[in-house]
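Asks: Dumping the structure here so I can ask a few things about it.
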Amino acid sequence: MFPKKNSTAFPLKKKLVLISITMFFLLAAIVSAQKDVSCYHCHTGVVSEFRNNIHYQMGFTCENCHGGNIQSNTSVVSANVMSGDFIGRPSRQDITNVCSKCHEKETKDYKQSIHWEQIEKGHLEAATCTDCHGIHEIRAVSDNKSSSNHQNSPATCAKCHSNKEMMSAWYYGIKTDRMDTYKESFHWKALENGYNVVATCADCHNNHNTKSHDDPQSSTYPDNLPKTCGKANCHPDVKFDAKIAAGLVHDKESLHTGELIFNKTGIDPLIKSYYLGPFDLAYWIALFFKILTTGVIGVFTGMVLLDLFSHFKVQKRW
């Protein structure tokens, strides 16, 4: 006879395996909970964004900006997390002070800007650090996903400067076509085609120490424009006066026509500066270069076609 099988052997092994697997995942969960920041339990989405943050990659945690104590002894949030110097969500006025703990020079420059001046006056919608760099998903400037990356900075500035409601406030009165007019410039067209060494908003207006164009210390003050345009990596050693430096950066090309104007009373001073007698040079020079460019391309295209035709004729003859 065959030996009788132990009917409890297999179920017992199965139970031991299940218990072992359960203990393994339970232990893994406990370890994960201990390693995880306590903030994650309530602010899952925010912490997920923060993990793409340059500060997180450098070892910073939530408490570096928000204060408190993230070293919780349990796997659930305790009151200890929000203890001590916990400030929660900083106010618009305090954001700069939080950033200044590490970024002293940038803060010093920013506190001389028109943006900070407006915040001090109580206009809290004016740009602060997080409006330009992001809040939790702050990336390095060199990262092409960063809102302050060279390629992305015009769109970042446009969030405020294309907002008609914000810019038309009586204490601002800033034109909201700045992005539209910039898009008519060579700078934008070159940038859009992937050319990085070309001026964007921050190159002309400065990034942290941005001042109003009528401030004598502003980089876009008329007398300072030649120096701004002539700095390294832009147009060094080029001699031009303030009128030429103003260019067509924020002047719509479509406003210039071939109409002859003899009485220029009431014309915008910037547009008036383009006139030589009754001729708007901005229109005629632009037209000249369009014809020149088209003509040169046409001539070279014709030469190539003639060359191909001559080769075809020679081959056919022989």
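Asks: Applying a 10 Å radius around every beta-carbon, put 172-179, 60-67 in order of their mean neighbour count, most first.
Replies: The packing order, highest mean first, is 60-67, 172-179.
Asks: Taking amide H positions as placed in the peptide plane 1.01 Å from N, state which residues far from residue 275 in sequence (5 or more) or on other chains have amide H under 5 Å from it.
Replies: Amide H neighbours of residue 275, under 5 Å, 5+ apart: 281.
Asks: At 0.36 nm per residue, minus the direct Cα-Cα distance, what do residue 212 and residue 238 gain on full extension? Give it in nm, one decimal, please.
Replies: Stretched out fully, the residue 212 to residue 238 stretch lengthens by 6.9 nm.
Asks: So how far apart, in nm, are the two label points at residue 263 and residue 312 if each is 7 Å from Cα heading toward Cβ?
Replies: 6.0
Asks: Spin-label point model (7 Å from Cα, Cβ direction): what's the residue 105 to residue 271 distance in nm?
Replies: 4.3
Asks: What's the center-to-center distance, using Cα atoms, between region 257-318 and region 134-182 in Å?
Replies: 34
Asks: So, one more: Once both labels are modelled 7 Å past Cα along the beta-carbon direction, what's the residue 195-residue 125 spacing in nm?
Replies: With each label placed 7 Å out from Cα toward Cβ, I get 3.6 nm.
Asks: Let me ask you something else. Could you pull out every one of the aspartates and glutamates with an alpha carbon less than 17 Å from that of residue 183, ignoring same-chain neighbours closer than 8 positions?
Replies: The reachable aspartates and glutamates, counting only those whose Cα sits under 17 Å from residue 183, are 192, 203, 251, 253.
Asks: I would also like to ask the following. Grab the Cα-Cα distance for residue 52 and residue 293, subtract it from 0.36 nm times how many residues apart they are, and report the gain in nm with one decimal.
Replies: Using 0.36 nm per residue and subtracting the Cα-Cα distance, I get 82.2 nm.
No value in this document is a laboratory result; all are computed from the given coordinates. Predicted, not measured: the structure shown is a model, and the values here were computed from it. Cβ sites come from the backbone with ideal geometry, for glycine too, and all protein chains shown count toward neighbours.
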